[in-house]
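Participant: Take this structure first; my questions come after.
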Amino acid sequence: MRHSTTLLLLSMALFGFLTPAMLAAEPDPWAVQPDLAAYFAAETAKLRDACLVDINSLQDWEAKRGEFRGQLMEMLGLDPLPERTDLKATVTGRVEREDFAVEKLHFQSRPGLYVTANLWLPKGVDGPVPAVLYVCGHGAVKIGGVSYGNKASYQHHGAWLARNGYVCLTIDSLQLGEIEATHHGTYRYNMWWWNNRGYTPAGVEAWNCIRALDYLQSRPEVDGERLGVTGRSGGGAYSWWIASIDDRIKAAVPVAGITDLENHVVDGCVEGHCDCMFMVNTYRWDYPLVAALVAPRALMLENSDSDRIFPLEGVIRTHAKVRNIYRLHKAADQFGLVITPGPHKDTQELRVPAFRWFNKHLKGDESLLTMAAEKLMEPAELKVFNTLPEDQLNTTIHETFVPLAPTPEVPKDKAQWQAMRDGWMEALRMKVFRGWPEEGQPIGLQEQSSTERKGLVLRQYTYCSQEHVALPLFVVQPAGAKAGVRVVLDVLDEDGWSKWAKALNWDASLTDEEFDKHFGELEETLVFAVPRGIGPTAWSGDEKKQTQIRRRFMLLGQTRDGMRVWDVRRAIQAARTIKGLEDAPLQIEAAGQAAGLAVYGSLFEPGINQLVLDQVPPTHRDGPILLNVQRFLDMPQATAMAAERAAIEIRAPNEATTYASALANKFGWQVLLRQE
């Protein structure tokens, strides 16, 4: 068996996927460790190099800008845009100070989705004034188990703005508001089905910001044509979302809220961020494209030079790409960059330039500042609710914010079926598996070893699934087997690998009795495919590390399982290159999660005669996790499409397979259900 080089192992250790103990240990007999660090670096480089590369003139940008904005709206779960329902804005209290007042209020950005807020109002000013939407970062204020909202943590910004002639609406975020919901679905709670749904809390935050601007424009104190936005950390990210998708923002100052994919994926900054920082990257963007959508409106990017989760290098790279777009608009004076000393912290050095930026671009005032931003109120003075509303949907909004695909109907005829099928297949290609490599790459099949036992031959191969991903393929067949004998390709998940690992290691520890149990009287050819991250290529690290590996795939517009479907396809292609197997009848077998992978792999590979599936997941909520898939279809539709292409035997049928069975009865497909 060929093993990874020392350099490869050291690079993986540095990236955090191998430990020093593993480097010193005896190699696993099956180890084909893919260079995961190199894979993520290469995939990130593709997205970096594609970002804005075709924009060479203002005409290029204007031709693409609308498309880009539409893509971002979709990736935030805002296409179609939700209905702008009645905000039901309610002021629950007012606090008076000498030079400002604060209204405590809530509104519903959609029915049951509450936004708690403070409206900071200046005194002694005439006529409508400019307004700033302040979006809060992750600064929890919780006393005695009661959340006062992160608006209490960031109150000093609203106070300064009001004392200097602005209206400021400071809104709580979804997670750290008075109603505590979650930003941590994939980060902490294994809610990987968020990927299936195309859901990110970034979308909720963006929608809440849209409705916050609606509210500001409804207030008589506000000049609705002079609106700005700012916030830091998480609030910096939300500033990007709203400034990029809503032209009502005339001046924006995101603070420590954006960097590029290289920082997040390669350097590991994703591990310090919850899900609200990221859109669902369907179109495989790098983050400068988000920022570029603000052009040519006034935008200043702020960061500190020792910020560990928004490193300076990525911020500078982002700034350089966005600056080019502003130059095309001849609006370089509308784009600023401020770097201050310090860590990831809300400092005065960051606040002062932000306040001056708003003065310049919303008031036309460039005079020196004479007032510091201070916290002037107790958290209890800013609290909106005495009792939380019983009809709130905040804590479950991830279940409904992005709609599920409707339950499929049984088509009335073949033409209707074909239209349904073609629509689903197009969605799979463009929205679910867009992160796959280009077709037609060399398979690179290499035989690593060959062992004979009791008239059978075990050959161990590796093949190239894609760049930096070498995977194993195991082939067992009678010695001297003739061409054309049936091939059974078994797709293994972790449970499947646990079942077969010892049987595929033909050393003295495998007794004759065990050997015969697995291979006795074998006449066909068995092929075992083990997708990435399973068995021989399992990624090292604890559960937390595995979570962050999966989140890296997510940021690249992929999922771990989506790339495993690609691996299944490549395993089928690799098997077809083995002498004697090129034209043999092919049966795919799989169970559990692997059954889901096999179903999707079969939709894209020709020449499969039969699928034998055991315990197919009834819904993608149970896996496999595929980007956006439940926006368009679920396991029942996928299984039905597979049934049209090949005979299917289904063991332990469930709701995922009844739809395929119904269509088989209607159209004469071969679907055999076995109750076992």
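Participant: If I take R0 = 60 Å and measure r between the Cβ atoms of VAL91 and GLU439 in this structure, what FRET efficiency does the formula 1/(1 + (r/R0)^6) give, to the nearest 0.05? Before the final figure, lay out each step's value.
Facilitator: Numbers: r = 59 Å, r/R0 = 0.98.
That pair, VAL91 with GLU439, gives E of 0.55.
Participant: For a quick size check, give me the Cα extents of the stretch 536-642 along its three principal axes, largest first, whole Å.
Facilitator: Dimensions of the stretch 536-642 along the principal axes of its Cα atoms: 44, 30, 23 Å.
Participant: State the Cα centre-to-centre distance between the stretch 362-440 and the stretch 490-567 in whole Å.
Facilitator: Between the Cα centres of the stretch 362-440 and the stretch 490-567 lies a distance of 35 Å.
Participant: Where does the charge balance sit around ALA298 when Lys and Arg score +1, Asp and Glu -1, over other residues with C-beta under 10 Å from its C-beta?
Facilitator: On the way: positive: LYS250, ARG297, LYS360; negative: ASP333.
Residues close to ALA298 contribute a combined charge of +2.
Participant: So how strong a dipole does the chain carry about its Cα centre when Lys and Arg Cβ are +1 and Asp and Glu Cβ are -1, to the nearest 20 debye?
Facilitator: On the way: 71 positive and 85 negative charges, 234 e Å.
Dipole size: approximately 1120 debye.
Participant: Under a 5 Å amide H to amide H cut-off, with H placed in plane at 1.01 Å, what residues pair with ILE625 once short-range neighbours are removed?
Facilitator: ASP561
Participant: Right, another one. Ignoring everything but the protein chains, give the 1.4 Å probe accessible area of LYS431 in square angstrom, nearest 10.
Facilitator: Its heavy atoms expose roughly 50 Å² to the probe.
Participant: In whole Å, largest first, what are the principal axis extents of the Cα atoms in the stretch 597-676?
Facilitator: 31, 29, 21
Participant: What value, in deg cm²/dmol to 500, does the helix sum -39500 (n - 2.57) over DSSP H runs of n ≥ 4 give at 222 nm once divided by the residues of the chain?
Facilitator: Details: 20 runs with 221 residues, N = 676.
Rounded to the nearest 500, the figure is -10000 deg cm²/dmol.
Participant: Can you work out the base-10 log of I(q)/I(0) for the stretch 417-569 at q = 0.13, 0.14, 0.19 1/Å, using the Debye formula on its C-alpha atoms alone?
Facilitator: -0.74, -0.83, -1.21
Participant: Projected onto the charge dipole of the chain (+1 at Lys/Arg Cβ, -1 at Asp/Glu Cβ, origin at the Cα centre), which of LEU633, PHE474, PRO122 gives the Cα projection farthest towards the positive end?
Facilitator: Checked the options; the winner is PRO122.
Participant: Over all alpha-carbon pairs of the stretch 239-364, lay out the pair-distance distribution in 10 Å bins, whole %, shortest bin first.
Facilitator: So the P(r) values, bin by bin, are 13, 45, 35, 6, 0.
Participant: Now for a different question. Rounded to a whole number, what is D in µm²/s for the stretch 496-582 from Stokes-Einstein with the Kirkwood radius over alpha-carbon pairs (10 °C, 1.306 mPa s)? Can you show the working numbers first?
Facilitator: On the way: Rh = 15.6 Å.
Answer, rounded: 102 µm²/s.
Participant: Moving on. What does DSSP give for the chain in terms of the percent of beta bridges that are antiparallel, rounded to the nearest 5?
Facilitator: Once the DSSP bridges in the chain are tallied, antiparallel ones form about 45 percent.
Participant: How much of ASP49 can a 1.4 Å solvent probe reach, expressed as accessible area in Å² and rounded to 10?
Facilitator: Answer for ASP49: close to 90 Å² accessible.
Participant: Which whole-number value in Å³ per residue fits the convex hull of the alpha carbons of the stretch 338-381? Write down the numbers at each step before the final one.
Facilitator: Numbers: hull volume 5.0 nm³, N = 44.
Hull volume over Cα atoms, normalised by residue count, gives 114 Å³.
Participant: What is the set of long-range amide H partners of ILE648 at a cut-off below 5 Å, with H atoms built 1.01 Å from backbone N?
Facilitator: Here LEU611, GLN670, VAL671, LEU672 satisfy the definition.
Participant: Considering only protein heavy atoms and a 1.4 Å probe, what is the carbon-and-sulfur percentage of the accessible area of the chain? Walk me through the intermediate numbers first.
Facilitator: On the way: 12960 of 26110 Å².
The value for the chain is 50 percent carbon and sulfur by accessible area.
Participant: For the stretch 578-630, restrict the atom set to alpha-carbon positions and state the Rg and Dmax in Å.
Facilitator: 12.9, 40
Participant: Moving to a separate point now. Along its principal axes, what span do the Cα atoms of the stretch 54-138 show, with the longest given first and each in whole Å?
Facilitator: Over the stretch 54-138, Cα extents along the principal axes are 54, 33, 29 Å.
Participant: TYR166 accessible area, nearest 10 Å², 1.4 Å probe?
Facilitator: Its heavy atoms expose roughly 0 Å² to the probe.
Participant: Counting other Cβ atoms within 10 Å, which trypsin sites (Lys or Arg not before Pro) in the stretch 69-102 have at most 16 and lie in a DSSP loop?
Facilitator: Values: sites: ARG69, ARG84, LYS88, ARG94, ARG97; in loops: ARG84, LYS88, ARG97.
Qualifying residues, ordered by number: ARG84, LYS88, ARG97.
The values are calculated or read from the model by the stated rules, or taken from the named source; none is laboratory data. As the structure is a prediction and not an experimental result, all values here were calculated from the model. When we count neighbours, we look across all protein chains shown, and the Cβ atoms used for this are built from the backbone with ideal geometry, even at glycine. Heads up: the accessible areas ignore ligands, DNA and RNA and are worked out on the full protein's heavy atoms, side chains in. Shrake-Rupley method; radii C 1.70, N 1.55, O 1.52, S 1.80 Å.
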